[in-house]
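Structure record follows, encoded as structure tokens.
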Amino acid sequence: MCKCNVLCITKTKTNTKKKTLRSSQAKTERVQRLRIEYWEKVKHIDPEDLVFIDEMGVLLGLTRTYARSDRGSRVYDFKPYYRGAKVSVIGGISLKKVLAVMTLNGSMDGNAYKVFTLTLFASTIMDWCSSCNG
């Protein structure tokens, strides 16, 4: 048994990494039941027929939280004074390709979602469906 954590980490060749966090609600019985119900509903759908809408936000003023350095030395850096702008990206994705993408400055809201679904996505999905059905 080693005398300190640093020695232990060196001996076992493990290293620290950033955690991947998940919602604590995912463990609840209700959420587990809802997941099972969802998979029962979609298990007979051909994956080629599925289309997903996904949205993400990007903060332009962020800086990396990890860096590389020589063993025994620490990395110092500066973070931006301003919080930075936010850009939102929304897209429709099938198994084989990206069907539609829209970016906007700021956060996604109901109006922006409506614009995406009723204009850009709706016309693209109709074209995609007609090409799939011959």
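In order along the range 41-56, phi translates into HN-Hα couplings of 6, 9, 5, 9, 7, 5, x, 5, 8, 8, 10, 10, 10, 10, 10, 8 Hz, rounded to whole numbers, per the Karplus curve 6.51 cos²θ - 1.76 cosθ + 1.60 with θ = phi - 60° and x for Gly and Pro. The phi torsions of the range 105-120, fed into the Karplus equation with coefficients 6.51, -1.76 and 1.60 and a -60° offset, translate into couplings of 6, x, 8, 6, 9, x, 5, 5, 5, 4, 4, 4, 5, 7, 9, 5 Hz, rounded to whole numbers, with Gly and Pro shown as x. Legend: distances between Cα atoms for Lys43/Lys96; Lys18/Lys114; Lys19/Lys41; Lys27/Lys114; pairs beyond 28 Å are Lys18/Lys114; Lys19/Lys41; Lys27/Lys114. Rounded, prolate or oblate for the range 54-134? Axes are the square roots of the Cα gyration tensor eigenvalues, ordered a ≥ b ≥ c, and the cut-off for rounded is a/c under 1.5. Cα axes put the range 54-134 in the oblate bin. The residues of the range 34-128 present an accessible area of 85 Å² per residue when probed at 1.4 Å with all protein chains retained. Its alpha carbons give the range 21-101 an Rg and a Dmax of 20.4, 55 Å.
Counting 0.36 nm for each residue step from Val115 to Ile45 and taking away their Cα separation leaves a gain of 22.4 nm.
The values are calculated or read from the model by the stated rules, or taken from the named source; none is laboratory data. Model, not experiment: these values are computed from the prediction. The accessibility values were calculated without ligands, DNA or RNA, using every heavy atom of the protein model including side chains. Shrake-Rupley method; radii C 1.70, N 1.55, O 1.52, S 1.80 Å.
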